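Written below as C-alpha cells is the structure these notes are about.
The values are calculated or read from the model by the stated rules, or taken from the named source; none is laboratory data. In this text, all values refer to a predicted model and were calculated from it rather than measured experimentally. Positions of Cβ are generated from backbone atoms using ideal geometry, with glycine treated the same way; all protein chains shown enter the neighbour counts. Only protein heavy atoms, including side chains, enter the accessible area calculation; ligands, DNA and RNA are left aside. Shrake-Rupley method; radii C 1.70, N 1.55, O 1.52, S 1.80 Å.
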Amino acid sequence: ALNTLAKCIADGAHAARSGDGGGENGEDANTAASALQRHRTTVVDCLKDPDISIRQRALELIYHLVNQENVEALTAELLNYLVLCPRDHRGDICSRVLKVVDKFSPEDRWRVDTLITMLTIAGRECESSVQSATTIYI
C-alpha cells in the first residue's frame, strides 16, 4: 500500500512540475495529493515499522504531505521520529525539517520553538548549514 501511495504522489508531483495535470488546472495532481492526504495516518504509522525501507518511504511521503494546514502535526511527527531514528539519518531529517519549517511556518514563535527542539534532539548530527540557518532564525 505504501508503494502505491508513493507512486501516486510521485506521479502527481511530476504532473504538477511539468504543468501536465492531465485535466484542467492540474486535476490529476490535486487528486493524487488528496488521495495521499486521506491516508496520512497510515503513512505516519509507517514511521514505526521495523523495516527501514518502509520507514524511509514513509518519510519521503510525509515531506510531500506537508502543507499549511498540517505543518504543525506532521512536523511534530518528524521530530518524534528524529528521537528514534538511526543517528546517521538525523542530518538529512534535520535539513528537511528546516525546509518544511521555512516554507510552511504558521508563525515566528512556532518556527523558533520547533527549530530549538530539533537542535536539542539532533543538533550534533545536523549539518553546519542547518545549524547556521537555525541560529539565524533564533
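GLY21: modelled with pLDDT under 90, in a helix (DSSP H, G or I) and farther than 28 Å from ILE93 by Cβ, yes or no?
Working: modelled with pLDDT under 90: yes; in a helix (DSSP H, G or I): no; farther than 28 Å from ILE93 by Cβ: yes.
Spelling it out, it is not the case that GLY21 is modelled with pLDDT under 90, in a helix (DSSP H, G or I) and farther than 28 Å from ILE93 by Cβ.
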- Residue satisfying condition, being more than 12 Å from the chain's Cα centre (by Cα) and of a type outside the set (A, V, I, L, M), within set THR134, THR75: THR134
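Answer with yes or no whether VAL83 is under 26 Å from THR42 (Cβ atoms) and open to solvent by 20 Å² or more (accessible area, probe 1.4 Å).
Numbers: under 26 Å from THR42 (Cβ atoms): yes; open to solvent by 20 Å² or more (accessible area, probe 1.4 Å): yes.
For VAL83, the condition - under 26 Å from THR42 (Cβ atoms) and open to solvent by 20 Å² or more (accessible area, probe 1.4 Å) - is met.
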- Counted residues, the range 119-138 - those being outside any helix (DSSP H, G or I) and open to solvent by 70 Å² or more (accessible area, probe 1.4 Å): 3
- Message: Restricting to the range 90-118, give me the number of residues that are more than 17 Å from the chain's Cα centre (by Cα) and either assigned to a loop (DSSP other than H, G, I, E, B) or surrounded by 14 or more Cβ atoms within 10 Å (Cβ to Cβ) (or both).
- Response: 3
- Query: Out of the residues in the range 56-72 that are farther than 18 Å from ASP102 by Cβ and open to solvent by 40 Å² or more (accessible area, probe 1.4 Å), which is nearest to the chain's Cα centre (by Cα)?
  - Reply: GLU60
